[in-house]
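Report on the following structure.
The values are calculated or read from the model by the stated rules, or taken from the named source; none is laboratory data. Given the structure is predicted, the values throughout are model-derived calculations rather than measurements. No Cβ is skipped: glycine too gets one built from the backbone with ideal geometry, and neighbour counts run over all protein chains shown. For the accessible areas, the whole protein counts, side chains as well, though only heavy atoms, and no ligand, DNA or RNA atoms are used. Shrake-Rupley method; radii C 1.70, N 1.55, O 1.52, S 1.80 Å.
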Amino acid sequence: MCLIVFAWRPGHAQPLIVAANRDEFYARPSLPLAQWPESPQVFAGRDLEAGGTWLGVGPHGRFAALTNIRDPHRPPGRKSRGELVARFLTGEIPIDDYLADVVARSPEYGGFNLIIGNAHELWHFNARESEAVMLSPGVYGLSNAGLDTPWPKLLRAKAALSEVLDDPQPQALLALLGDPQQAPFAELPDTGVGLATETLLSSVFIASQSYGTRASTALIVQADGARHVVERSFGPYGGHLGEVDILI
């Protein structure tokens with residue numbers, strides 16, 4: 001998962017609104033959003049290479065998602081980051097205890113941002129920092145750096161999310177995730193991957209022959225705990241592969 005914008009507003013009729021793109025190599029095998037047979041209260045996509053996931057919902061209002069931190073100079077982690085989301089969704093450990101475990105084990109993974117929560121609280125942990133932070137109400141964004149790092153794509157997506165919060169609908173959230181506009185050279189971050197790659201990765205929706213947005217996910221959580229999740233899947237050059245619409 002490489003871009004997540006979300007509104008956290010406890011006490012509202014719709015306390016959590018999420019719009020997220022998973023960017024990955026098209027050759028990496030995965031399954032779209034679905035109910036997990038071995039954990040029937042979990043709904044998420046699945047990485048078939050390592051078994052984890054990038055975003056999902058689970059029992060008792062659980063929600064989790066992650067992005068990687070882009071740093072080509074650091075070696076990859078020994079473990080797949082996707083297991084961090086999967087373990088939280090399939091387990092019953094309290095959030096505080098889970099985060100303490102994640103903090104202790106974070107060196108085993110490549111750089112990552114993790115968001116986890118339930119109906120009452122939402123937390124963010126950045127593997128480059130020393131502690132998890134409980135989030136106050138607000139509109140937030142994550143890409144491949146820290147929380148709310150003002151990359152052009154993140155600023156565009158956050159602004160677009162703010163415009164639809166009066167009446168958030170899945171199709172409007174998916175539409176903002178489909179923005180293909182790339183940033184001007186002068187506004188590109190320098191993450192060490194070269195100008196051509198920085199340009200490719202600077203749009204909200206990424207499309208190329210080998211790498212791009214594989215899944216766009218819209219999540220709307222109601223105050224009574226009901227959740228509506230819609231996911232679109234894509235192939236090379238942004239070809240539309242299908243859509244899953246689930247009410248939980």
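Among the helices (runs of 4 or more DSSP H) confined to the range 152-244, the ones with at least 3 residues that are open to solvent by 50 Å² or more (accessible area, probe 1.4 Å) and at negative phi are located at 152-164, 195-200. The single condition among (1) under 16 Å from the mean Cα position of the chain (by Cα); (2) farther than 27 Å from Arg87 by Cα; (3) without any contact (Cβ under 8 Å) to a residue 40 or more places away in the chain that Val164 does not satisfy is (1).
Scan Gly61, Gly51, Gly56, Gly82 and give me the residue that is in contact with a His (Cβ under 9 Å, 6 or more places away or on another chain) and either in contact (Cβ under 8 Å) with a residue 12 or more places away in the chain or not acidic (Asp, Glu) (or both). Checking each option against the conditions leaves just Gly61. In the range 120-142 there is at least one residue matching the filter, namely being open to solvent by 10 Å² or more (accessible area, probe 1.4 Å), of a type in the set (A, V, I, L, M), in contact (Cβ under 8 Å) with a residue 60 or more places away in the chain and more than 30 Å from Ala186 (Cα to Cα). Looking across the range 208-248, the residues that are more than 14 Å from Leu16 (Cα to Cα) and of a type in the set (A, V, I, L, M) come down to Ala215, Val230, Leu241, Val244, Ile246, Leu247, Ile248.
If a residue has to be in contact (Cβ under 8 Å) with a residue 40 or more places away in the chain and either of a type outside the set (S, T, N, Q) or farther than 19 Å from Arg156 by Cα (or both) to count, how many in the range 192-202 make the cut? Write out each step before concluding.
Kept after step one, since they are in contact (Cβ under 8 Å) with a residue 40 or more places away in the chain, are these residues of the range 192-202: 192-193, 201-202.
Checking the rest, the ones that are also either of a type outside the set (S, T, N, Q) or farther than 19 Å from Arg156 by Cα (or both) come to 192-193, 201.
The qualifying residues number 3.
Scan the range 223-239 and give yes if some residue there is polar (S, T, N, Q), at pLDDT 95 or above and out of contact with any helix residue (DSSP H, G or I) (no Cβ under 8 Å at 6 or more places or on another chain), otherwise no.
In the first step, residues of the range 223-239 are kept if they are polar (S, T, N, Q); the result is 233.
Pick out the ones that are also at pLDDT 95 or above and you get 233.
Narrowing the set further to residues that are out of contact with any helix residue (DSSP H, G or I) (no Cβ under 8 Å at 6 or more places or on another chain) leaves 233.
Yes, the range 223-239 contains at least one residue that is polar (S, T, N, Q), at pLDDT 95 or above and out of contact with any helix residue (DSSP H, G or I) (no Cβ under 8 Å at 6 or more places or on another chain).
Suppose we filter the range 96-119 for residues that are over 22 Å from Ser39 (Cβ atoms), part of a helix (DSSP H, G or I) and open to solvent by less than 70 Å² (accessible area, probe 1.4 Å); how many remain? Counting residues in the range 96-119 that are over 22 Å from Ser39 (Cβ atoms), part of a helix (DSSP H, G or I) and open to solvent by less than 70 Å² (accessible area, probe 1.4 Å) gives 4. Kindly check whether there is at least one residue in the range 224-242 that is in contact with a strand residue (DSSP E or B) (Cβ under 8 Å, 6 or more places away or on another chain), free of Cβ contacts under 8 Å to residues at least 24 places away in the same chain and of a type in the set (Gly, Ala, Ser). Yes, the range 224-242 has at least one match.
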